[in-house]
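> Sharing a structure with you now.
The values are calculated or read from the model by the stated rules, or taken from the named source; none is laboratory data. It should be emphasised that the depicted structure is a prediction, and the values quoted were computed from it without experimental measurement. Backbone-built Cβ (ideal geometry, glycine too); neighbour counts: all protein chains shown.
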Amino acid sequence: MPDGIELEVVGLTRRYSPEVTVGPISFEVRAGEFFSLLGPSGCGKTTTLRCIAGFEALDAGSIRLRGERLDDKPPHRRDVGLVFQNYALFPHLTVFDNIAFGLRLRHVAKPQIAERVGRILRLVDLPEMAARFPAQLSGGQQQRVAIARSLVLEPQILMFDEPLSNLDFKLRIQMRDELKSLQRRLGKTAIYVTHDQTEALALSDRIAVLSHGRIEQIGTPGDIYERPATTFVAEFIGSSNLIAGHVVARRDGEAIVETQTGLRLRCAANGDDGSGAVSVLIRPERIRVEAPGSPAGSDDNCFAARIIEVTYLGEDLHIGMELDGGQVVRAALKNTGAARSWAVAQLVEIVVDPADLRLLRR
Amino acid sequence: MSLQSPAPHPNPLPASGAREFPENGPRAFPLPVGRGEGQGEGQATATRASARPVWGVLTGPYALFLLCLLIVPFANVALYSVHPYSPTHIVLPEFTWDNYRKILDLYYLRLFARTLQLGLVTTIICALLGYPLAYWLARARPRMQTIGLFLVIMPLMVSTVIRIFGWIVILGRKGLINEALIGLGLAPLKLLYTETAVVIGLVNIFMPFMVLPLMSAIERIPPSLEEAARNLGANWLQMFRRTILPLSLPGLISGSLLVYSVSISAFVTPALMGSPRERMAGQQIYDEVLVSFNWPSASSLALTLVLFTLLLMFAALFATRRAGRIEPGSRETSP
């Protein structure tokens with residue numbers, strides 16, 4: 001086992017039926033790392049988490065925690081904390097008793113229980129809530145109690161199953177930041193399951209993107225967003241324009257792609273993008289929209305377009321444009337300057353830096 | 001009221017119909033199942049102004065039914081119970097507590113003690129056998145749950161007499177069990193016409209009354225609570241004792257209460273399966289009404305039994321409410 005690897009999942013497989021299978025999934029989580037499993041519902045991320053926690057049995061593969069086999073232990077002997085999506089607080093117990101639940105099972109002495117619960121309540125900023133019942137707490141407070149309840153046992157790994165999905169938007173952002181700072185402060189290894197890419201990008205050191213029970217890509221948030229490995233990742237993370245085409249020429253680190261609508265795009269030949277049929281990924285915020293005949297228009301990747309749609313989002317404007325030949329692309333512009341005057345049916349030119357294009361095998 | 005002119009056979013059973021289902025039994029059933037307070041309150045405040053006349057229309061017909069066929073006859077019984085018995089007139093128009101004083105006789109004390117004890121044993125057995133069943137039903141897949149529920153409720157759909165005849169065939173002196181014992185070279189047991197037989201019969205019929213409220217209570221406990229307890233280091237038994245059991249307590253109380261109150265007022269089962277010498281209160285009341293025509297005595301017995309059951313109901317209701325006070329939490333934490 002290489003040093004610093006906390007959790008090692010090898011070939012994890014869970015078969016529900018011949019058609020519905022999760023895995024094989026393999027990944028490693030490093031000590032102190034915030035690792036996310038990201039994917040749409042039904043992609044197997046929660047199954048993976050439940051396998052680690054011991055609520056689902058593996059059909060194949062193994063899970064090791066610090067080199068020690070985990071998958072043959074019953075759930076109560078695994079020493080991995082899990083924060084549930086609905087928090088799963090015990091409604092018949094006070095906040096204090098909820099947090100003391102695990103300590104009592106471990107026969108910790110009474111004064112020590114009081115001391116440790118008190119300390120953890122201060123850590124999650126709820127010291128005066130000890131005597132309340134869960135029903136008397138707000139969603140965010142319940143969330144913090146659920147984290148405290150797992151954290152007080154000092155598990156080797158803390159796992160979260162979509163912990164923010166039941167909170168409203170503002171609270172979600174606030175709890176997200178709190179969660180991150182808490183994890184940083186404690187240096188605790190965390191595995192975080194979510195379908196929300198923004199959450200995953202904001203929180204994680206590394207992300208595993210899952211689809212249909214398989215891992216599509218593992219990487220840092222930057223990797224995943226800037227250099228998606230597959231069209232699935234490109235479409236799932238952020239918004240994207242994917243244009244189908246063929247590589248027709250290559251010269252000094254660049255590839256020329258001819259799209260199906262007859263446009264020629266000059267791309268930085270990044271990655272192992274193959275040779276034949278490709279998709280070109282253009283992130284909407286990397287598209288510049290200029291008035292026709294502007295000096296920037298001399299570039300290769302410059303196309304005439306007609307605005308067909310303007311969506312006003314406050315901070316941003318989303319602009320849909322049709323290129324010659326019918327190809328539609330979407331651009332995301334900041335709501336400032338010239339962008340504010342764009343209107344439907346206006347003729348414009350779009351400019352894309354070759355380095356901002358990414359080739360993906362189709 | 002028919003006090004002044006006691007016709008010999010005005011109505012064979014003044015209190016109500018079959019004693020197998022006492023007055024409070026059927027009515028009490030929805031009460032423990034829908035025990036949440038918060039929910040009802042919210043609905044009531046939201047619709048109070050507009051819904052008031054509708055309430056009367058919705059509950060009126062049954063209220064009228066109850067008034068004519070339960071409250072009035074019952075008041076009649078209460079009146080009988082404080083009048084002296086006369087062999088010629090059945091009831092004399094005088095006031096007396098003698099019918100109640102008589103209950104303190106050893107014979108009646110034993111009768112009540114036996115009745116309450118049989119009820120208790122039946123309830124405990126129903127709880128022990130019903131709890132695992134209710135847990136399984138609550139956690140089963142919808143299809144299995146439907147099948148299981150059907151099987152649990154089945155005994156209620158078979159006529160009491162036919163069901164008891166079945167038990168006689170099994171438990172009788174030359175019944176299935178004893179034939180098997182003899183075949184194995186063992187001595188036959190006296191099963192039928194004993195208290196054991198009565199308990200077996202009562203458990204068989206009243207099991208649904210235990211299982212249904214328990215199941216609905218367990219169903220409300222999110223499975224994630226079980227997993228959370230396991231994740232925090234509880235083995236299955238610790239998890240059960242610390243989460244499922246306390247959270248299902250309201251259901252267990254309602255179920256026990258239902259089984260207990262219908263058991264102590266059972267009549268047909270003890271009459272057909274029990275010992276004629278060791279009777280239960282229901283049989284005694286029946287005999288005093290129909291055989292000795294001592295309606296005042298029967299009324300005092302019936303009223304005592306009903307009052308005892310009511311007392312128990314309120315005690316349990318109080319306990320359930322206290323347990324239910326924390327109940328809204330389980331709803332809010334698990335939307």
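> Kindly establish whether B:G172 is on the phi > 0 side of the Ramachandran plot and in the same structural domain as B:V259 (by TED's automatic domain parsing).
no
> May I pose another question? If I filter segment B:221-277 down to residues being within 14 Å of chain A (Cβ to nearest Cβ) and assigned to a loop (DSSP other than H, G, I, E, B), which single residue comes out as surrounded by the fewest Cβ atoms within 10 Å (Cβ to Cβ)?
Out of the qualifying residues, it is B:N235.
> Let me ask something additional. Does A:P40 fit the bill of being surrounded by fewer than 17 Cβ atoms within 10 Å (Cβ to Cβ) and at the interface with another protein chain (Cβ under 8 Å from one of its Cβ atoms)?
Considered against the rule, which asks whether it is surrounded by fewer than 17 Cβ atoms within 10 Å (Cβ to Cβ) and at the interface with another protein chain (Cβ under 8 Å from one of its Cβ atoms), A:P40 comes out as no.
> Name the residues in segment A:309-330 that are surrounded by 13 or more Cβ atoms within 10 Å (Cβ to Cβ) and closer than 15 Å to A:A345 by Cα, would you?
Residues satisfying the conditions are A:V310, A:H318, A:I319, A:G320, A:M321, A:E322, A:L323, A:V328, A:V329, A:R330.
> Test B:I125 against the criterion of being under 17 Å from the mean Cα position of the chain (by Cα) and either among the aromatic types (F, W, Y) or over 28 Å from B:V77 (Cβ atoms) (or both), and give yes or no.
So B:I125 fits the description; yes.
> A further question follows. Could we say that A:G314 is over 23 Å from the mean Cα position of the chain (by Cα), assigned to a loop (DSSP other than H, G, I, E, B) and within 24 Å of A:S279 (Cα to Cα) here?
So A:G314 does not fit the description; no.
> If you don't mind, there's one more thing I want to ask. Filter segment A:158-198 down to the residues that are assigned to a helix (DSSP H, G or I) and within 13 Å of the chain's Cα centre (by Cα), then identify the one that is nearest to B:S224 (Cα to Cα).
Taking segment A:158-198 and keeping what is assigned to a helix (DSSP H, G or I), we get A:169-186, A:197-198.
Pick out the ones that are also within 13 Å of the chain's Cα centre (by Cα) and you get A:176, A:197-198.
Details: A:R176: 23, A:Q197: 25, A:T198: 26 Å.
Filtering segment A:158-198 for residues that are assigned to a helix (DSSP H, G or I) and within 13 Å of the chain's Cα centre (by Cα), the one nearest to B:S224 (Cα to Cα) comes out as A:R176.
> Which of the residues that make up segment A:46-99 are within 13 Å of another protein chain (Cβ to nearest Cβ), part of a loop (DSSP other than H, G, I, E, B) and charged (D, E, K, R)?
A:E56, A:K73, A:R78, A:D79
> Would you check if there is a residue in segment B:185-204 being farther than 20 Å from B:M313 by Cα, within 14 Å of chain A (Cβ to nearest Cβ), surrounded by fewer than 21 Cβ atoms within 10 Å (Cβ to Cβ) and of a type in the set (F, W, Y)?
no
> While we're here: Give me the residue from segment A:100-130 that is more than 34 Å from the chain's Cα centre (by Cα) and within 7 Å of chain B (Cβ to nearest Cβ) and, out of that set, surrounded by the fewest Cβ atoms within 10 Å (Cβ to Cβ).
A:R106
> Looking at segment B:101-112, is at least one residue without any contact (Cβ under 8 Å) to a residue 60 or more places away in the chain, part of a loop (DSSP other than H, G, I, E, B) and touching a strand residue (DSSP E or B) at 6+ places or on another chain (Cβ under 8 Å)?
No, every residue in segment B:101-112 fails to be without any contact (Cβ under 8 Å) to a residue 60 or more places away in the chain, part of a loop (DSSP other than H, G, I, E, B) and touching a strand residue (DSSP E or B) at 6+ places or on another chain (Cβ under 8 Å).
> Right, something else. Does A:E19 satisfy the criteria of being over 18 Å from A:D59 (Cβ atoms) and either part of a strand (DSSP E or B) or assigned by TED's automatic domain parsing to the domain that holds A:K188 (or both)? Before the answer, list the steps.
Details: over 18 Å from A:D59 (Cβ atoms): no; either part of a strand (DSSP E or B) or assigned by TED's automatic domain parsing to the domain that holds A:K188 (or both): yes.
So A:E19 does not fit the description; no.
> Please go through segment B:211-220 and give me each residue that is more than 22 Å from B:I162 (Cβ to Cβ) and crowded, with 23+ Cβ neighbours inside 10 Å, ordered by number.
B:L212, B:P213, B:L214, B:M215, B:A217
> Next question, about the same structure. Which members of segment A:22-45 meet the condition of being assigned to a loop (DSSP other than H, G, I, E, B), touching a Lys or Arg at 6+ places or on another chain (Cβ under 8 Å) and within 20 Å of A:I224 (Cα to Cα)?
Those that are assigned to a loop (DSSP other than H, G, I, E, B), touching a Lys or Arg at 6+ places or on another chain (Cβ under 8 Å) and within 20 Å of A:I224 (Cα to Cα): A:E33, A:G39, A:G44.
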